[in-house]
Amino acid sequence: MENSSYFIDRCLGLFSHYQSNNSTYDEYFQNNGEIHNALEKVIHHFDEIPRETFFQMHKKAQEILRQQGVTFNVYSDRTGVEKIFPFDLFPRIITTEEWKLVERGLIQRVLALNAFLADVYDKQLILKDKIIPPEVVVSSKGFNPKLKGITPPGKVYIHISGIDLIRVGPKSFKILEDNLKVPSGVSYVIENRQVMKQLFPHIFNQIPIKGVEDYPFHLREALHSLVDPQEENIQIVLLTPGPYNSAYFEHTYLARRMSCPLVQNSDLVVLDDKVYMKSLHELKRVHIIYRRIDDEFIDPHFFNPNSLLGIPGLVRAYKAGNVVLANALGNGVADDKGVYPFVPDLIRYYMKEEPLIPQVTTYSCFKPEERRFVLDNLDSLVIKVVNQSGGYGVIIGPQASRAQLSEIREQILASPRSFIAQPVEELSSCPTIDDDKICPRRIDFRPYIILGKSPWVLPGGLSRVALVKDSYIVNSSQGGGSKDTWILGES
Amino acid sequence: MTARSAEQCYWMFRYLERAESTARMLSVTYLQSLEDRYFLRKVKHPLLFILDEEMNFSEKYPHQLEEKDFVEAFLVWQDENPSSLFNTIKHLREDARQVREILHINMWKTINDLYLWINEANVKQIYMNNRIEFYRTILEYCQLIKGSFYDFIYRDEYFHLMELGLLMERANQTLLILGELIKNWIGGGSNITNSEKIEYFSYLLGCCASTDNYLKRSDNFEFESIVSFFLQEDRSPFSVLFCLKGALKKIDNILRQGTHLQATDVTEQIEHVINEIQYTSCQGGLQKEIESQNARIIKELENINRLICEEFFHLNYLIKG
C-alpha cells in the first residue's frame, strides 16, 4: 500500500524522511507534499524537534503511562494482565472550522438517536410510519420489549455516547459506528493529553488547543440535572464489573475524577424499589448509577438469570423512577449495526433536517436485493456482524482468504439479519512512530457526547491508530494504539 | 464509601507497613551480618522468628537453616512464603488497585512504581550486587507513599481506616520483635557482656527504627528499659501502647462519622490491652511473666483484628435491621 508515496519536501527536520501515502488522506500533508495550510504552524513545531529527542520523548511517554498504570485488560490474552494502551506522540489535529461542523453533526445525530429510543420504547411512531422496517427493530438483540413503557428521567436514554468517525478529506468526515450502550475510552483521552502537555509544553504555549480535562465534571453535572431537585444528598455511583474488567482503569479514573464511589454489585441492594449502597455506617440511598455493565448482566431478575454481576431488583427501581441509569436500558437497538443504515432517515424524521455528517454506505443483508449485491461482491466489501464490537466479527473482503469468504457466505445465508456490509472506506492516515521510523498509519476518531438537560460534546476525542502496516483495525483489543486529538481553538 | 473498599483500605495499609518494616529489618540484619556480631553467632536467623516464618521455613527447608543467603532470599523473594517482601508488595499493589479511585494520584503512582520496580528484570541483580541499595529503594518508596497519604488524603473514614491498619500492623511487629528479645534473654542471653548486650539491643531497636528515640529516653541498654520502651513508651511511634492508643482514636474518629456503626467489642478489647500494658512491670526477675504476657498480647491483637473486621466490615447494621 505504500508503493506510491512522496517525500515531504517542505520539512527539513523530523519529517524530512516521512513518506506519505497518496492512496489515503494524510492528516498532516497534502498530495504535493506540502503541509495542510491550517496546520503549518503546528507541524513546523514538531518538525523542529531533533529526531533523537523526539524518539526519546516517545519512550518517555510510554513510561509515564506505565508508571501511572494507564492500562486495559484483554480478555483473549491468556495472561489477561494489564496492558499499557500504546500511545503515539503525533496528534491528530482538527481545525476550529472542521470541529464546528463535527460538533453540530454529532449533536444532531445523538438527539435523533435519543428520540428514536424514546419512540421505540413508547408509541413506536417511526415503525407505524414505516420509516424503518419493524422487523429490524424487533429482531435486534438490543431491543427489549419488556422495557416498553418505561421512560427514564428527562427522557434521556443516551447520557454518554461515543460516535466513531473517519475522515475522508479536508473538512469531510463520515460516521463509521455509534456506541450508545457503554462507550469507553474517554479516560485515555484525558490521560493522553496530560502526557502531551508534559512533553510539549512549548507547543501548547504557542498553539491554542481546546482542553479536555473537564469531561468528568460535565458528566457529573449532566447526571445530577436529571434527578428531582427536591431530593437531598444526591448520590452518584459508578458501577463496575470489577478489577478484572478490560476497562477497569477507566472506571477507577472516572470515579475518582467525578468524586463518586466505585461500586460492584455486592455493594448495592434494592429495598422497596430504591437502590442503596452498603456503606460503612448504614445503607445510603443511591440516585444515579453510571453503569459500566451491559444490560444483559445488570439484573438477574429481569435479564440473564445466571448473571453474577447484577443487582437483583434494579430494573424495578428503574421502572419506579427511583434511580437514573446512565446509560438507560435498551440502548442497544439504536447502535445495532442493522439499524445503522436507517439512521439518516431517523435524523430526517425526528430532527426534520438533513444529516450534517454523512455515514458510510451500508448494505443491509436483511434486504434481499442488498443481500444479493453483498454475496456477489464479498471480496470487495467489509462484512460486519451486527451485534459485535471491538473490531471483532469484521471480515475485510480484499484481505480475506477464499475459505473465510466461503464461510461468511454460508453464515449470511443462514442468518441475513445478522450481517451488514460496507465498501472498504479508506481511513485517513497520520504520521505514526513505527520502531525507529515515522510512517503513515490509518486512524479513526471517537468523540464523546454527554446528554443531560442539553448536549455537550467533548472538544477532543480518542484517535485510534492501526499500528500494523496496511491494517485497518484500530481497536485496542486487537493491537491498536491511540493518539491525542487537538481541536484548535480560536487564535 | 462502601464497606468493601473500607476493608481493602485497612488491609492495604497493613501490607504497606509490613513491607516497610520487613525491608527495614532485612536491611538492618544484613548490615549487621557484614561484621562479626555476637547475636548473629548465637541467634542464627532472628528474622525468621520475628516474621513468624520459623516453622514454615524449617518444614520446607530443614537442611538450609545454616545458609544465611538462602534464608534471606526466602524472606525476600519466595513465592511459597506469603509474607515474603515480594508477596507483601504484590498484595499492597493489588489492594491499591482495587481502591484506586480513592487514592491520590501520587499515592497510586508510587505504589505502582514500587510494584513495577520490584518486577523489573534487573532487580534481582541489584539485590545480589547491592543489597543495601535494594532495601533502601523499597524503604524510600514506602515512605513516599506515606508522605502522599498524610499530605493528600481527605480525612474521612478511608483515611482513618488506613491509619488503623498501619497502627495494628506496627503494634504486631513490635510485639514480635519484643518476643524475639525475651525468648533469647530467657534462653541464656542474660549472661552476656555489656558490649554484646548493647550490640543486641541496638540491633532490635534498629529493626523498628527506634534507636534515636530510645536514647532520648534512656541512658543505658538494660533489659527492663528496652522492654518498657517497646511496650509502654507512648511517645515512641513504634511502641505497642502508642499504636493501640492511636488505634482507639482512629476507631473513635470512624464511629463519629455516622450513627449506625457500633464497635463496642473492639473498643473494649483495645482498652483492656492498653490497661494491661500500662500496668505491666518490666522489673528484672519477671522475664517469664513478661514472656507469657507478650504471647498473650499477640493473641489479643489477633482477636482485635478479627473484631475490627467483624464490627466494621461485615455490615452488622444490615443483620440488626
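The values are calculated or read from the model by the stated rules, or taken from the named source; none is laboratory data. For clarity, every value in this text was computed on a predicted model and none was experimentally measured. Cβ sites come from the backbone with ideal geometry, for glycine too, and all protein chains shown count toward neighbours. Note: areas computed on protein heavy atoms with side chains; ligands, DNA, RNA excluded. Shrake-Rupley method; radii C 1.70, N 1.55, O 1.52, S 1.80 Å.
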- Could you pull out the trypsin sites (Lys or Arg not before Pro) across segment B:230-275 that fall in loop regions by DSSP (anything but H, G, I, E, B) with no more than 14 other Cβ atoms inside 10 Å? B:235, B:256
- Return the loop-located chymotrypsin sites (Phe, Trp or Tyr not before Pro) in segment A:177-280 (DSSP other than H, G, I, E, B) with at most 14 other Cβ atoms within 10 Å of their own Cβ; answer none if there are none. A:244
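Rounded, prolate or oblate: which fits segment A:193-336 when a ≥ b ≥ c are the square roots of the eigenvalues of the alpha-carbon gyration tensor, with rounded for a/c under 1.5 and prolate only if a/b beats b/c?
Numbers: a/c = 2.10, a/b = 1.80, b/c = 1.17.
Taking the square roots of the gyration eigenvalues as a ≥ b ≥ c, segment A:193-336 is prolate.
I'd like to compare A:371-381, A:428-438: which one has the highest average count of other Cβ atoms within 10 Å, and what's the full order after that?
Top of the packing list down: A:428-438, A:371-381.
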- Enter the mean projected area of the convex hull around the alpha-carbon atoms of segment A:309-430, in nm², rounded to one decimal. 11.6
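Using a Förster radius of 22 Å, what is the FRET efficiency between residue B:41 and residue B:198 based on their Cβ-Cβ separation? Nearest 0.05, please. Before the final figure, lay out each step's value.
Numbers: r = 16 Å, r/R0 = 0.71.
E(calc), rounded to 0.05, equals 0.90.
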- Task: Could you tell me the accessible area of residue A:140 in Å² (1.4 Å probe, neighbours in place), rounded to the nearest ten?
- Result: 10
- Query: What fraction, in whole percent, of alpha-carbon pairs in segment A:92-133 exceed 11 Å separation?
  - Reply: 69
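Summing both sides, how much accessible area is buried between A and B? Use a 1.4 Å probe and give Å² to the nearest 100. Please report the intermediate quantities before stating the final value.
Values: alone 21020 and 14960 Å², together 33360 Å².
It comes to approximately 2600 Å² buried between A and B.
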- First check a/c for segment A:390-467, with a ≥ b ≥ c the square roots of the eigenvalues of its C-alpha gyration tensor; if it is under 1.5, answer rounded, and if not, answer prolate when a/b is larger than b/c or oblate otherwise. oblate
- Task: With all protein chains present, calculate the accessible area of residue A:202 using a 1.4 Å probe and round the result to the nearest 10 Å².
- Result: 80
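Counting Lys and Arg as +1 and Asp and Glu as -1, each charge on the Cβ, what is the dipole of segment B:121-174 about the Cα centre in debye, to the nearest 20? Intermediate values should be presented prior to the final figure.
On the way: 6 positive and 7 negative charges, 67 e Å.
Dipole of segment B:121-174, to the nearest 20 debye: 320 debye.
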- By how many degrees, between 0 and 90 and to the nearest 10, does the Cα long axis of helix A:248-257 differ from the longest principal axis of chain A? 80
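Can you list the trypsin sites (Lys or Arg not before Pro) in segment A:160-266 that are in a DSSP coil and have 16 or fewer other beta carbons within 10 angstrom? Provide the component values of the computation, followed by the final result.
Numbers: sites: A:167, A:171, A:174, A:181, A:193, A:197, A:210, A:220, A:256, A:257; in loops: A:171, A:181, A:210.
Listed in order of number, the matching sites are A:171, A:210.
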- Query: Which of the helices in chain B, when you take each full DSSP H run, stretch at least 24 Å along the axis at their Cα atoms and have an average Kyte-Doolittle score of 1.6 or higher?
  - Reply: none
- Message: Let me spell out the model: positive unit charges on the Cβ of Lys and Arg, negative unit charges on the Cβ of Asp and Glu, origin at the Cα centre of chain A. What dipole size does that give, in debye rounded to 20?
- Response: 860
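Looking only at other chains, what is the average number of their beta-carbon atoms within 10 angstrom of each beta-carbon in B:99-106? Don't jump to the answer; show the numbers that get you there.
On the way: counts 3, 10, 14, 5, 2, 1, 4, 0.
Shielding by partners across B:99-106 averages 5.
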- Message: Over all directions, how big on average is the projection of the convex hull of the alpha-carbon atoms in chain B, in square nanometres?
- Response: 17.1
- Query: Hey, what number do you get for chain A at 222 nm if only DSSP H runs of n ≥ 4 count, each worth -39500 (n - 2.57), divided across all residues, to the nearest 500?
  - Reply: -8500 deg cm²/dmol
- Interface residues, segment A:225-256 - accessible area loss of 40 Å² or more versus chain alone, probe 1.4 Å: A:243, A:248, A:252, A:256
- Set A:174/A:337; B:250/B:299; A:100/A:384; A:337/A:437; B:146/B:245; A:141/A:483, cut-off 26 Å on Cα-Cα distance; pairs above it are A:100/A:384; A:337/A:437; A:141/A:483
- Message: Tell me the net charge near residue A:304. Cut-off is 12 Å between Cβ atoms, residue A:304 excluded, with +1 for each Lys or Arg and -1 for each Asp or Glu.
- Response: -4
- Let me have the relative contact order for segment A:375-491, percent, based on Cα pairs under 8 Å that are six or more residues apart. 19
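Just checking the output field for A:279-288: average partner chain Cβ neighbours within 10 Å of each residue's Cβ?
On the way: counts 12, 21, 14, 7, 4, 3, 0, 0, 0, 0.
Taking the mean over all residues of the peptide, I get 6.
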- Note on the structure: Given unit charges at Cβ for Lys, Arg (+) and Asp, Glu (-), the dipole magnitude of segment A:88-169 about its Cα centre in debye, nearest 20, is 320
- Message: Based on alpha-carbon centroids, what's the gap between segment A:28-77 and segment A:301-343 in Å, whole number please?
- Response: 39
- Task: Please report how far the C-alpha centroid of segment B:35-111 lies from that of segment A:142-184, rounded to the nearest whole angstrom.
- Result: 51
- Note on the structure: Given Cβ charges of +1 for Lys and Arg and -1 for Asp and Glu, the option among A:288, A:338, A:150 whose Cα lies farthest towards the positive end of the dipole of chain A is A:150
- Message: On alpha carbon coordinates alone, what is the Rg over Rh value for segment B:180-321, Rh being the Kirkwood radius?
- Response: 1.07
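On alpha carbon coordinates alone, what is the Rg over Rh value for the protein assembly as shown, Rh being the Kirkwood radius?
Numbers: Rg = 31.7 Å, Rh = 30.2 Å.
In the protein assembly as shown, Rg relative to Rh is 1.05.
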- Item | Antiparallel DSSP beta bridges within the protein assembly as shown, percent to nearest 5 | 75
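Rounded to the nearest percent, how much of the accessible area of chain B (1.4 Å probe, protein heavy atoms only) is carbon and sulfur?
Accessible surface attributable to carbon and sulfur in chain B totals 49 percent.
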- Could you give the radius of gyration (one decimal) and Dmax (whole number) of the Cα atoms in segment B:53-149, in Å? 15.1, 47
- Expressed in square angstrom to the nearest 10, the accessible area of residue B:80 with a 1.4 Å probe stands at 100
- Dipole check, segment B:107-174, charges on Cβ (K,R +1; D,E -1), about Cα centroid: among B:153, B:129, B:118 the Cα furthest to the positive pole belongs to B:129
- Query: Dipole of the protein assembly as shown (Lys/Arg Cβ +1, Asp/Glu Cβ -1, origin at the Cα centre): which of B:89, A:465, B:174 lies farthest to the positive side?
  - Reply: A:465
- Task: Please report, in cubic angstrom per residue, the volume enclosed by the convex hull of the alpha-carbon atoms of segment A:173-243.
- Result: 197
